[in-house]
Amino acid sequence: MSRPRRDPRAERDNRTVESRGRTRLDFGRRETLPVSGRMRRDPWREWAASLAGETDGERKRYDRSQRQMNRAEAVRFARARETLDATDISPGQPALRVIDEPAFLVFAVVETAGGRLSRFDRQVLGAARLLADAGDGGGAVVAVAPESVEGLGEAGADRLLHLPRAATQRGRTAALKAAVDRLAPRHVLLAEEGDGADCARRLSVALGEPLFANVEHLTARQAVRAIRNRGAEIGLAPPRLMTLGEDRAKPYEAVPCEAREIEGGPATAPADPAILSVEIVPGDPAKLSLSETDFVVSAGNGVSDFAAFRDLAAAMKGTPGASRVVCDAGLMPRTAQVGASGTVLAADCYLALGISGAPQHLQGIAGCEHVIAVNTDLHAAMIERAGLAIVQDAQLVMPALLKLLQERET
Amino acid sequence: MKTVVLLSDARNPVSGRAQLSRLEAQAIGLAAELDESPQGLHVGPGEEGVSAGLGHGLCGLDVIEAPEGEDPLPALAAFLATSLKSDEPPALVLCGRRGEGGLDTGLVPYLLAEALGLPILADAVALRPGEASDTLVVDQAMAKGARRRVTIRLPAIVTVHPLAPPPLPFAFGRMRRGEIRRHAADVSEVPVDVDAGERPHRARPKLMRTAGTASGGANLHVGPDPEEAARLILAYLEDNGIRRYGQG
Ligand SMILES: Cc1cc2nc3c(=O)[nH]c(=O)nc-3n(C[C@H](O)[C@H](O)[C@H](O)COP(=O)(O)OP(=O)(O)OC[C@H]3O[C@@H](n4cnc5c(N)ncnc54)[C@H](O)[C@@H]3O)c2cc1C
Ligand SMILES: Nc1ncnc2c1ncn2[C@@H]1O[C@H](COP(=O)(O)O)[C@@H](O)[C@H]1O
């Protein structure tokens, strides 16, 4: 075998450091990467990163929200343990990833509703990135978007193909088909939701190619989808045309890509003669059910002025919710109860006013990506769970929010 | 307005028995509001599961007998093409957005629209006749409870979204009274499209949704002014694209 032989003595000498008048072994320093080339876990760093900000000498406080350690937080290692050399997690990485001559292209069709990338859009881009880096790599991800939005590069797009928003789905598909014919991508990925799902099927018919719909598991080597009403599944090498199920692929998180704009498709999309008029009717959050809405404004035992709370929920265009204590007291209807014995939310954002964050309540918001907590108690579990935590009286914050919203409206 | 609901060969995922798909039962409910005698159409080995559609509001059911697992498209297209040419043609064809028991790609309505040259519209939650005759107003479900109201010229194919109103209650008597017309399929001899690598389904957990990008240690504010707190909350909502205030 041609593995280099280890010399334990030399390694030991290498690690010996002089500290406080004694020779010691420094296990924090790592000279070489392990043979596998994979980054090694460093429990010390993970521990240090989980310390909450205000840790001082006497008392340690931990951040138990189980957030992934990000690069900004990693800087805190140095402070936690001075002797540890705090290198960046991936040293020597370039600031921008550029793929000049892509070996092949992968289309990721994103909706960018409201002029921003949604969570699902990021997942589609992440899946496309995975396919572009598959095998020998060298592929480029082309984000097909109706407008140029912020954060496309960070989400993993090497190129941006601008397809103007068409009035009808038929027009949109025609423009997309023209782009597919011109650039011949190896894969085309769409979201299995709403317009993306519709567009994928129209494209499949127009191209005469099969569609691998609602992918549940995607790796570089295979794509898996359920069939027979989830009784069976099929897995193939990733085919050309796929739609991705929600929350099935990880968004891309490494070095930003360049998202350079490339020549657009045809400027005008043909209209659909059968469609006479199109009109968007915005949803009314007050009438939506808790399980369907995307934003819940919720009150707990810390809220006493419920008239102001209802006004606030309406002004913030959120669906009102409540904790069990409030529903038991008859201050809010039972249908508004959030939690294990109420509704488990699918919302993106949750604003908790005066809610302590009992385990039964937290179960109901386990799926919420963004949580904002307003509570007078710094040590409440809800404050720990929140992405934005405000330690303040909810009775004072509610009128201030209402006033600010009224100012914005005028 | 004459309406046809396409009923697929739905299967229970555990027992494998034929059943009526809930989505198609909802489609029958939508059809019953437009047409007092909505009709069903099914291509498959028999009416075992789909006959429940009669109990949910269909008045008649056409069953084109074809071996299990065969591609239903040629038979569907041929049957609908003849009925479109008849003196009482259907104005609207309703489908589910995805089948529940076959390959479940949701492609059948689109391929049918292509074969018949009809326009297709996806994800309907409510249907209403338009002001002009031969038009239909379709409410499409979109994200965040929004609806897109599209007026479309008939005849057309429309697929139904799960947020459509729940199905009409089942009535056994209606099911017994409903008329089932059996037709023999033309021998199409389309090779059965069985994918080689079929295996039992394995449930895979979805990704966990964890705290958002803006969260981090610095996002704890102890005792800010109420005005400052309000500003922070609105800024957080707008940065994360949850809501935009002051823009209508
Ligand atoms: C079997 C079982 C099932 C349950 N299911 C559910 C469920 O589905 N949903 C649910 O919600 N609960 C459920 N519970 C109840 C749960 O355990 C808690 O009792 C409940 O969630 C607490 O509600 P709360 O946070 O509103 O009230 P509290 O625990 O009283 O908390 C009030 C919070 O408000 C803060 N506060 C006080 N005044 C102010 C102020 N002026 N401004 C700001 N903050 C203030 C306090 O610091 C405190 O943190 C269940 C319990 C059991 C046993
Ligand atoms: N064998 C069939 N007979 C009648 N309609 C069908 C059949 N298969 C599919 N459909 C229709 O097409 C829709 C989508 O099915 P699929 O493309 O198989 O996912 C179903 O909801 C039905 O409305």
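The values are calculated or read from the model by the stated rules, or taken from the named source; none is laboratory data. Computed from a predicted model, the values in this text were never measured in an experiment. Backbone-built Cβ (ideal geometry, glycine too); neighbour counts: all protein chains shown. The accessibility values were calculated without ligands, DNA or RNA, using every heavy atom of the protein model including side chains. Shrake-Rupley method; radii C 1.70, N 1.55, O 1.52, S 1.80 Å.
Taking interchain pairs and intrachain pairs at least six residues apart, which have beta carbon atoms under 7 angstrom, with the first residue in segment B:218-237 and farther than 22 Å from residue A:317 by Cβ and without any contact (Cβ under 8 Å) to a residue 12 or more places away in the chain and the second of a type outside the set (D, E, K, R) and loosely packed, with under 15 Cβ neighbours inside 10 Å?
Note: pairs meeting the criteria are B:222/A:378.
Run down A:376, A:335, A:319, A:410 and say which single residue is modelled with pLDDT under 90 and either touching a helix residue (DSSP H, G or I) at 6+ places or on another chain (Cβ under 7 Å) or more than 7 Å from chain B (Cβ to nearest Cβ) (or both).
Values: A:376 fails: modelled with pLDDT under 90; A:335 fails: modelled with pLDDT under 90; A:319 fails: modelled with pLDDT under 90.
From the options A:376, A:335, A:319, A:410, the qualifying one is A:410.
Quick check on residue B:127: is it open to solvent by less than 30 Å² (accessible area, probe 1.4 Å), away from ligand 2 (no atom under 16 Å from the Cβ), more than 8 Å from every other protein chain (Cβ to nearest Cβ) and out of contact with any Cys (no Cβ under 6 Å at 6 or more places or on another chain)? Walk me through how you get there before you give the answer.
Values: open to solvent by less than 30 Å² (accessible area, probe 1.4 Å): yes; away from ligand 2 (no atom under 16 Å from the Cβ): no; more than 8 Å from every other protein chain (Cβ to nearest Cβ): yes; out of contact with any Cys (no Cβ under 6 Å at 6 or more places or on another chain): yes.
Here the answer is no, as residue B:127 does not meet what is asked.
Here is a yes/no grid of residues against (1) farther than 18 Å from residue A:304 by Cβ; (2) open to solvent by 30 Å² or more (accessible area, probe 1.4 Å); (3) in contact (Cβ under 8 Å) with a residue 40 or more places away in the chain; (4) away from ligand 2 (no atom under 16 Å from the Cβ):
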| residue | (1), (2), (3), (4) |
| --- | --- |
| A:379 | yes, yes, no, yes |
| A:384 | yes, yes, yes, yes |
| A:396 | no, yes, no, yes |
| A:400 | no, no, no, yes |
| A:403 | yes, yes, no, yes |
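On the basis of being open to solvent by 50 Å² or more (accessible area, probe 1.4 Å) and small (Gly, Ala, Ser), does residue A:237 make the cut?
On the way: open to solvent by 50 Å² or more (accessible area, probe 1.4 Å): yes; small (Gly, Ala, Ser): yes.
Yes: the conditions hold for residue A:237.
Applying the selection to segment B:29-80, what residues are without any contact (Cβ under 8 Å) to a residue 60 or more places away in the chain and in a strand (DSSP E or B)?
B:39, B:40, B:41, B:42, B:44 - these are the residues of segment B:29-80 that are without any contact (Cβ under 8 Å) to a residue 60 or more places away in the chain and in a strand (DSSP E or B).
Identify the single condition in (1) without any contact (Cβ under 8 Å) to a residue 40 or more places away in the chain; (2) open to solvent by less than 50 Å² (accessible area, probe 1.4 Å); (3) in contact with a helix residue (DSSP H, G or I) (Cβ under 9 Å, 6 or more places away or on another chain) that residue A:199 does not satisfy, given that it satisfies every other one.
(1)
Quick test for you: out of A:167, A:157, A:132, pick the one residue that is within 14 Å of chain B (Cβ to nearest Cβ) and not charged (D, E, K, R).
Working: A:157 fails: within 14 Å of chain B (Cβ to nearest Cβ); A:132 fails: within 14 Å of chain B (Cβ to nearest Cβ).
Of A:167, A:157, A:132, the one residue that is within 14 Å of chain B (Cβ to nearest Cβ) and not charged (D, E, K, R) is A:167.
Consider residue A:343 carefully, then state whether it is of a type outside the set (Asp, Glu) and near ligand 1 (Cβ under 10 Å from one of its atoms). Can you show your working first?
Details: of a type outside the set (Asp, Glu): yes; near ligand 1 (Cβ under 10 Å from one of its atoms): yes.
For residue A:343, the condition - of a type outside the set (Asp, Glu) and near ligand 1 (Cβ under 10 Å from one of its atoms) - is met.
Taking residue A:314 and the conditions (1) part of a helix (DSSP H, G or I); (2) away from every other protein chain (no Cβ under 14 Å), which numbered condition does it fall short on, given that it satisfies the others?
The failed condition is (2).
Cβ contacts < 8 Å: first residue in the same structural domain as residue A:138 (by TED's automatic domain parsing) and free of Cβ contacts under 8 Å to residues at least 40 places away in the same chain, restricted to segment A:220-238; second residue of a type in the set (S, T, N, Q) and surrounded by 20 or more Cβ atoms within 10 Å (Cβ to Cβ), any location; separation 6+ or different chain. Result?
Taking only residues 6 or more apart or on different chains, the pairs are A:225/A:214; A:226/A:214.
Name the single residue, out of those in segment A:95-114 being open to solvent by 30 Å² or more (accessible area, probe 1.4 Å) and within 13 Å of another protein chain (Cβ to nearest Cβ), that is nearest to residue A:238 (Cα to Cα).
A:111
Can you go through A:253, A:292 and tell me which one is facing another protein chain (nearest Cβ under 8 Å), open to solvent by 10 Å² or more (accessible area, probe 1.4 Å) and within 24 Å of the chain's Cα centre (by Cα)? Break it down stepwise before answering.
Details: A:253 fails: facing another protein chain (nearest Cβ under 8 Å).
Result of the check over A:253, A:292: A:292.
Could you give every pair whose Cβ atoms fall below 8 Å, whose first residue belongs to segment A:279-305 and is outside any strand (DSSP E or B), and whose second residue is more than 16 Å from ligand 2 (Cβ to nearest atom) and basic (Lys, Arg), counting only separations of at least 6 or pairs across chains?
A:283/B:144; A:283/B:147; A:285/A:317; A:293/B:144; A:294/B:144
Only one of these is without any contact (Cβ under 8 Å) to a residue 60 or more places away in the chain and of a type in the set (Val, Ile, Thr): B:108, B:150, B:160, B:93. Name it. It would help to see each step written out before you state the result.
Details: B:108 fails: without any contact (Cβ under 8 Å) to a residue 60 or more places away in the chain; B:160 fails: without any contact (Cβ under 8 Å) to a residue 60 or more places away in the chain; B:93 fails: without any contact (Cβ under 8 Å) to a residue 60 or more places away in the chain.
Result: B:150 is the single residue among B:108, B:150, B:160, B:93 that is without any contact (Cβ under 8 Å) to a residue 60 or more places away in the chain and of a type in the set (Val, Ile, Thr).
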